[in-house]
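Below is one structure, written out as structure tokens, with a few remarks after it.
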Amino acid sequence: MERIQKLSIYFITFFNFLIYLLPISIIFEWCILNTPLMKSVIIENLFQQYVQTPLGFVKLSSVTWTPLTKIIKLVGDSIKILPFFLSLFALKSIFKNYLKGDIFKFTNAYQYRYLGLLLFLDALIAKPIGNMFNVLAVTLSNPKGLRYISITIGTPSFKALFCGAIVIVISWVILEAGKLNEERKLTI
Amino acid sequence: MSIIINLDVMLAKKKVKLQDLAEAVGITIQNLSILKTGKAKAIRFSTLKSICDFLECQPGDILEFKKELL
């Protein structure tokens, strides 16, 4: 068994673990939003405790949560995590192929391209919209005139766009490698 | 495809089984089948030499060029 095949088993297990952990963590955070547990040191270190609003940083534990704001926060967090969640399935599929010994397969190239597009989606749509929902959730209980909806594309988005572009270029290289591999297989 | 493989014709003419050719040439039956059915993208000179050697024929007896009609 090649090294990449051995490592693939660990990677697949890790991705499976994350696939279950991510939704559980979001639901867990949602459940404890307006409980004293939110102020504990462990929880403060586990979850993002601040949301950047046009008024400044707002601490989640200091917000008065209503059922509506909690749902808005859940929607925001779900949108933010969606591209990463979907990318885990793509990575799992790639490593399943690696486990079988199919390194330069066309499906791997398509999965890498999908990963690149997910990074674009994350930077351009998911993060800004997710943050918009979070800002709305933490400012909705404010008096009239202090409730906000804001969409921003900052430096982290450019980093994700750059990574997405690199992953798409890698997918082209793998696609070409796949063509060469097929040609090699069909050379008698 | 414009290059036609006449390996099956040569095998029939020489009354040789695909299995025997595979053993003589040193390649698998699966690979010979790929060649015979025209799915192969390329053939090595060494493979062609071994096939011609065993079947006592010329490369032109196995490979044939036909112009594609548009």
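Of the conditions (1) touching a residue at least 12 places away in the same chain (Cβ under 8 Å); (2) over 13 Å from the mean Cα position of the chain (by Cα), A:PRO143 clears all except one; give me its number.
Going through the list (1) touching a residue at least 12 places away in the same chain (Cβ under 8 Å); (2) over 13 Å from the mean Cα position of the chain (by Cα), A:PRO143 breaks only (1).
Kindly establish whether B:ALA12 is more than 14 Å from every other protein chain (Cβ to nearest Cβ), more than 10 Å from the chain's Cα centre (by Cα) and surrounded by 13 or more Cβ atoms within 10 Å (Cβ to Cβ).
Working: more than 14 Å from every other protein chain (Cβ to nearest Cβ): yes; more than 10 Å from the chain's Cα centre (by Cα): yes; surrounded by 13 or more Cβ atoms within 10 Å (Cβ to Cβ): no.
Considered against the rule, which asks whether it is more than 14 Å from every other protein chain (Cβ to nearest Cβ), more than 10 Å from the chain's Cα centre (by Cα) and surrounded by 13 or more Cβ atoms within 10 Å (Cβ to Cβ), B:ALA12 comes out as no.
In region B:29-70, how many residues are among the charged types (D, E, K, R), assigned to a loop (DSSP other than H, G, I, E, B) and either surrounded by 12 or more Cβ atoms within 10 Å (Cβ to Cβ) or away from every other protein chain (no Cβ under 11 Å) (or both)?
Result for region B:29-70: 6.
Give region A:81-121 a look and list any residue that's crowded, with 18+ Cβ neighbours inside 10 Å and modelled with pLDDT under 90, or say none.
A:PHE104, A:LYS105
What is the one condition in (1) away from every other protein chain (no Cβ under 14 Å); (2) loosely packed, with under 13 Cβ neighbours inside 10 Å; (3) within 29 Å of B:ILE5 (Cα to Cα) that A:ILE149 does not satisfy?
(3)
Every residue in region A:174-188 that is away from every other protein chain (no Cβ under 14 Å) and either farther than 25 Å from A:SER87 by Cα or surrounded by 13 or more Cβ atoms within 10 Å (Cβ to Cβ) (or both), please.
A:ILE174, A:LEU175, A:ALA177
The values are calculated or read from the model by the stated rules, or taken from the named source; none is laboratory data. No experiment lies behind these values; they were computed from the predicted model shown. Note that we place each Cβ from the backbone using ideal geometry, even for glycine, and neighbour counts take in every protein chain shown.
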